[in-house]
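Participant: Before I ask anything, here is the structure I am working with.
The values are calculated or read from the model by the stated rules, or taken from the named source; none is laboratory data. In this text, all values refer to a predicted model and were calculated from it rather than measured experimentally. Heads up, the Cβs are rebuilt from the backbone with ideal geometry, glycines too, and the neighbour counts pull from every protein chain shown. Remember, those area values only see protein heavy atoms, side chains included, never the ligands or the DNA or RNA. Shrake-Rupley method; radii C 1.70, N 1.55, O 1.52, S 1.80 Å.
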Amino acid sequence: MEMVAILMIPTLIKASDQDYSQESFDKRNKYTEPPKGFLDLVLKMVLEDVTGSATPKPLDKDLLRKIFKSYGEDELSKNDDILDSMILAACRKGENPDNLLLNTETFTLGLTGDVQLYDVTNETKMTTNYFDVLDNKFEIGKDGLKVPQERIVKKTHTLSIIDDAAGTYRSKTVVVGLWTSFILHYFTYMLEIPSKVDEELDGSCDDGALCSTLLSFLHWLIMFGLMSVFGLVYIGVGSIGNDIECDRFIVPLVGATFIGSITAFFYLFNFDVDGDLDGGADNSNTFLRTLSVMVGSFVVMNQILLSVSIAAPIYFQDSNKYLKILMTPGAIKAESHIKQASSYKIINMTKNALKVISQKDKDNVIDSHFGQGLHLFSKQEHEYERVGGLRWTWGQVLSGHIFKREGIWIAARLIVGNIVQIIIAFLIIIWGVRLARTASQNYSKEDMHLAADKMIDTIFKDAERVSSSELNAAVNDISFAVERFLIKSFVDANFDCSAMIENKLSADFYLGEDAKLACDALELGTSMNDHYGDYDCSPIDAAYICDIIEQSDPYSNAYIEVLDGPKRTSALVAAGFDAAYVNTVVKTTAEVASDESIDALYPDEENMIVVPIIVATCFAFLCAILLTCSYVPSVVTTTLKLRSGVLEPFKDPSDNNTYRIGVDTGTIILGSIFWGTLFSSILFGGLIGFVVFLYMWQISSIYMLRITYIFFGMLFSILFKVILVKSFRVISNYKVFYRVNPARANISSLAIECANFALSVGFVAVRLIKLALISTYFVGRIDTPFLAPGVGHLGPWKMDNYPNIFIKDILAHEAHRHPFMELMGVMYMMKLRHAENFGSTAGSCWRLIFVFALMPWLSKYRILTRPDMRDDSSDDSNSGNKK
């Protein structure tokens with residue numbers, strides 16, 4: 001309650017100042033004015049509840065003691081020092097405190113007398129809270145006197161130029177531009193640098209698992225170090241001058257010069273690891289290079305604008321409304337909007353509380369405003385105003401209400417994420433058009449036949465070298481298994497080694513002058529002598545050839561393992577077969593099989609390839625745009641849910657520390673938004689395009705049409721079933737979970753259940769398709785959970801932890817930029833600056849009474865946070881019960 005009492009200070013000051021001049025009123029936002037006379041109304045409720053009458057009573061310690069006891073504050077009621085100071089706080093200078101009445105004047109003075117140094121017009125100024133309170137050397141009071149600063153406040157430098165959590169930089173536009181430029185530089189120039197290092201090291205690494213793993217680790221380690229160093233230098237140095245407190249116009253020019261130099265260096269010196277662009281052959285790379293230069297130039301212009309805004313006199317900036325808007329940094333605008341939002345929300349909270357508390361029913365057994373307020377609030381506690389969603393959020397964004405009324409802080413990383421999502425969407429269009437054009441230009445069955453024949457010729461390029469005098473030359477790239485198959489299939493369909501031996505066809509084959517060449521080719525001289533005696537490798541037994549072909553004998557395996565392609569071919573020639581003929585047969589067979597496969601599988605029409613690519617591109621683009629449009633509404637909706645209590649992350653015991661530990665995990669969000677959108681869009685469009693291709697391809701179109709016919713048949717059957725079920729419901733007279741006619745209901749249920757057993761195959765198939773599309777889409781939605789609560793948890797590990805990280809990041813920004821946190825910070829800074837001249841114990845106690853009377857339902861939080869006020873006595877038998 002003390003926090004609410006502090007937040008009410010600006011509203012109470014506004015309500016206490018009843019004599020607004022027209023000029024002062026025009027400076028105020030009409031939405032932030034408190035209800036007229038509501039202080040008088042609250043005082044009457046206090047007097048009626050405590051004394052039974054709204055008539056002003058003498059202001060003494062007895063009255064204050066009675067008020068505190070009525071609201072359960074026994075401790076304060078016994079503190080005479082506080083009671084005396086409260087009476088003095090409600091007394092004007094020179095007035096006798098013994099003759100005071102508790103009326104609207106004294107009540108107002110007690111509420112606001114100690115906080116008059118706060119300037120309520122600050123909420124409409126285009127300034128920061130720090131400037132309003134601590135950056136002014138003098139504070140002008142209502143009497144026109146300058147109040148000097150009581151304390152010299154020491155400041156600690158926190159590198160606010162790169163502080164995304166608190167957003168204390170000067171211009172959010174510069175931050176967004178720097179991050180976007182950094183990402184574009186990465187994809188345009190630096191993406192393949194680690195791959196180039198991999199190519200240099202690839203020769204020193206074998207194909208072993210350990211070496212490959214170390215190479216992969218080195219690749220990502222280089223990427224990690226490269227991106228960290230480049231990001232720190234590029235964004236860090238480029239942000240110089242983007243400080244909210246920067247007062248030298250030359251400083252932003254340092255950052256502008258650095259960014260301009262880096263952008264020009266990469267572009268002019270063509271620092272591209274892929275080499276030149278071949279006159280724009282790579283459209284996506286050309287697009288990224290051009291966009292990189294444009295964004296870099298945009299950042300430079302904004303930094304120059306920062307320099308001009310620092311150097312230009314205030315009167316010059318105020319001379320024109322549009323000039324003022326142009327030269328006011330975005331971060332200052334955003335913080336001024338939060339100031340307005342805090343005032344708007346406090347005023348609305350006050351109006352809503354008055355609607356509840358002022359509805360006193362004289363006939364109610366609870367005869368007090370406090371009691372009836374609690375009763376009425378309990379009835380309305382769970383009533384919510386439905387907000388959020390795509391249309392509502394973007395409407396609020398365009399009108400500015402989401403900033404000026406709700407005080408939503410849109411983080412720079414979210415804006416950068418939206419920008420790169422838009423870039424992805426246009427890159428998808430470029431890639432899709434390029435792919436469709438390539439497919440259209442290269443579509444040709446004849447060219448495919450020629451390419452296949454060329455490939456086969458390449459495989460059999462050494463076939464002409466095979467001759468009886470060159471046994472060591474063979475058909476390259478023919479495997480042993482294919483060789484066995486060809487010998488059995490094409491040379492002699494009835495080839496049988498056993499039959500050859502039985503029919504005495506196993507006589508030695510004498511190779512004559514080629515015998516030594518055959519032995520040299522086989523490199524089996526020693527082994528042949530071991531098995532066949534002193535043949536000097538001249539004869540080769542047919543049984544040995546059978547062993548090579550059949551691998552039937554154990555000792556032959558040792559020989560086969562050392563034979564490569566040419567040696568196996570030499571063995572064929574040594575066995576009396578014509579290797580050149582075998583090669584020709586294989587080549588001819590491969591050509592025939594290739595031609596038949598191309599004729600059967602290659603799409604008959606160009607549109608069978610181009611149309612699916614176009615459809616896939618369109619759906620991928622739409623997916624990327626939809627993801628882009630979803631993130632800001634998601635942040636807004638989640639923030640409002642957290643504020644209103646719809647989401648209560650800290651009340652779940654199992655997740656009590658999930659959102660308090662590892663706040664730095666929010667740094668993964670920007671990259672995940674980019675890659676999630678890229679993968680999700682490509683997969684989603686690819687699935688749709690693949691389905692379209694299956695409908696158009698000559699091989700699968702007939703099956704897809706059959707599936708479609710079956711689907712429509714099942715759809716009509718389901719419609720018939722629905723009509724039948726509705727008719728049965730009328731006949732059976734269902735009343736929610738009960739049946740008026742159980743017999744009829746049982747018969748109809750049995751019939752429908754039996755029918756559903758067969759029809760459910762369609763339901764499950766449709767569900768499979770829907771889940772596949774939805775899951776593909778949700779790959780890019782890291783902001784919202786796809787899995788149901790409790791699903792995908794393996795102990796402390798969660799399969800999809802991104803939604804928790806997303807909420808954690810929102811909570812981190814709320815902790816710094818919630819309108820109420822901002823207002824609390826202002827009050828603490830006022831106390832820090834003015835010490836005892838701002839805020840007092842007596843004033844706090846008066847405001848505590850005000851909050852008790854206006855919002856009695858907040859008393860439960862005061863009891864929960866003060867154990868000494870709780871009645872924890874209970875029966876020992878119930879001590880083990882938990883609520």
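Participant: Say each of ALA264 and SER85 gets a label point 7 Å from the Cα, pointing the same way as Cα to Cβ; how far apart are those two points in nm?
Facilitator: A separation of 6.4 nm, rounded to one decimal place.
Participant: Using only C-alpha positions, report the orientation-averaged shadow area of the convex hull of the stretch 343-427, nm², one decimal.
Facilitator: Its Cα hull, projected and averaged over all orientations, spans 8.0 nm².
Participant: Could you list which residues have their amide H under 5 Å from that of LEU100, counting only those 5 or more apart in sequence or on another chain, with H placed in the peptide plane?
Facilitator: Placed amide hydrogens put LEU59 under 5 Å from LEU100.
Participant: Say each of TRP394 and PHE316 gets a label point 7 Å from the Cα, pointing the same way as Cα to Cβ; how far apart are those two points in nm?
Facilitator: My value for the distance between the label points is 4.0 nm.
Participant: I've got another one for you. Given 20 °C and 1.002 mPa s, compute D for the stretch 156-255 with the Stokes-Einstein relation, Rh being the Kirkwood radius over Cα pairs; round to the nearest whole µm²/s.
Facilitator: Value of D from the Cα-based Kirkwood radius: 135 µm²/s.
Participant: OK, next. What accessible area per residue comes out for the stretch 331-417, rounded to a whole number of Å², with a 1.4 Å probe?
Facilitator: 52
Participant: Set the bar at 29 Å for Cα to Cα. Now go through LYS172/LYS641; LYS641/LYS798; LYS125/LYS808; LYS44/LYS345; LYS61/LYS355; LYS641/LYS726 and name every pair that lies beyond it.
Facilitator: On the way: LYS172/LYS641 26 Å; LYS641/LYS798 23 Å; LYS125/LYS808 31 Å; LYS44/LYS345 25 Å; LYS61/LYS355 31 Å; LYS641/LYS726 39 Å.
From the list (LYS172/LYS641; LYS641/LYS798; LYS125/LYS808; LYS44/LYS345; LYS61/LYS355; LYS641/LYS726), the Cα-Cα distance tops 29 Å for LYS125/LYS808; LYS61/LYS355; LYS641/LYS726.
Participant: Using a Förster distance of 60 angstrom, determine the FRET efficiency expected from the C-beta separation of LEU694 and GLU33, and round it to 0.05.
Facilitator: 0.40
Participant: To continue, here is another question. Give the long-range amide H neighbours of TYR734: residues separated by 5 or more places, or on another chain, with amide H under 5 Å away, using H modelled in the peptide plane at 1.01 Å from N.
Facilitator: Those qualifying (amide H under 5 Å, at least 5 residues apart or on another chain) are VAL740.
Participant: Once Lys and Arg get +1 and Asp and Glu get -1 on their Cβ, which of SER840, ILE782, GLY792 lies farthest toward the positive end of the dipole of the stretch 695-842?
Facilitator: Selected residue: GLY792.
Participant: Determine the sum of side-chain charges near THR104: Lys and Arg each +1, Asp and Glu each -1, restricted to other residues whose C-beta is under 10 angstrom from that of THR104.
Facilitator: Its environment carries a net charge of -1.
Participant: How much of the accessible area of the stretch 34-123, in percent, comes from carbon and sulfur atoms when a 1.4 Å probe is used?
Facilitator: 50
Participant: Taking square-rooted eigenvalues a ≥ b ≥ c of the alpha carbon gyration tensor, is the stretch 638-787 rounded, prolate or oblate, where a/c under 1.5 means rounded and, failing that, a/b exceeding b/c means prolate?
Facilitator: The shape class here is oblate.
Participant: Keeping all protein chains in place, calculate the accessible area per residue for the stretch 720-824 (probe 1.4 angstrom), answer in Å².
Facilitator: Computed with neighbouring chains in place, this is 65 Å² per residue.
Participant: With charges set only on the Cβ (+1 for Lys and Arg, -1 for Asp and Glu), what does the dipole of the stretch 771-868 come to about its Cα centre, in debye to the nearest 20?
Facilitator: 240
Participant: Ok, one more. Among PHE287, PHE737, PHE217, what's the order by accessible area (1.4 angstrom probe), most exposed first?
Facilitator: Values: PHE287 60, PHE737 180, PHE217 130 Å².
Largest accessible area first, the list is PHE737, PHE217, PHE287.
Participant: Then there's this: Sequence gap at least 6, Cα distance under 8 Å: using those rules, report the relative contact order of the stretch 671-768 to the nearest whole percent.
Facilitator: Contact order relative to length: 16 percent.
Participant: Ok, one more. Out of residues 5 or more away from TYR169 or on other chains, whose amide H comes under 5 Å of its own, with H placed 1.01 Å from N in the peptide plane?
Facilitator: Here the answer is ASP163, since their amide H atoms fall under 5 Å of that of TYR169.
Participant: Taking R0 as 30 Å, what FRET efficiency do you get between THR121 and LYS78 from their Cβ-Cβ distance, rounded to the nearest 0.05?
Facilitator: So the FRET efficiency works out to roughly 0.15.
Participant: Based on alpha-carbon centroids, what's the gap between the stretch 32-107 and the stretch 164-178 in Å, whole number please?
Facilitator: Centre-to-centre (Cα) distance: 47 Å.
Participant: Counting only protein heavy atoms and using a 1.4 Å probe, what share of the accessible area of the stretch 297-443 belongs to carbon plus sulfur, as a whole percent?
Facilitator: Carbon-and-sulfur percentage of accessible area, whole number: 59.
Participant: Using a Förster distance of 56 angstrom, determine the FRET efficiency expected from the C-beta separation of LYS355 and PHE757, and round it to 0.05.
Facilitator: Step by step, r from the Cβ atoms, then E = 0.50.
Participant: Where the accessible area of the stretch 719-868 is counted over protein heavy atoms with a 1.4 Å probe, how much of it, in %, is carbon and sulfur?
Facilitator: Carbon and sulfur atoms account for 70 percent of the accessible area of the stretch 719-868.
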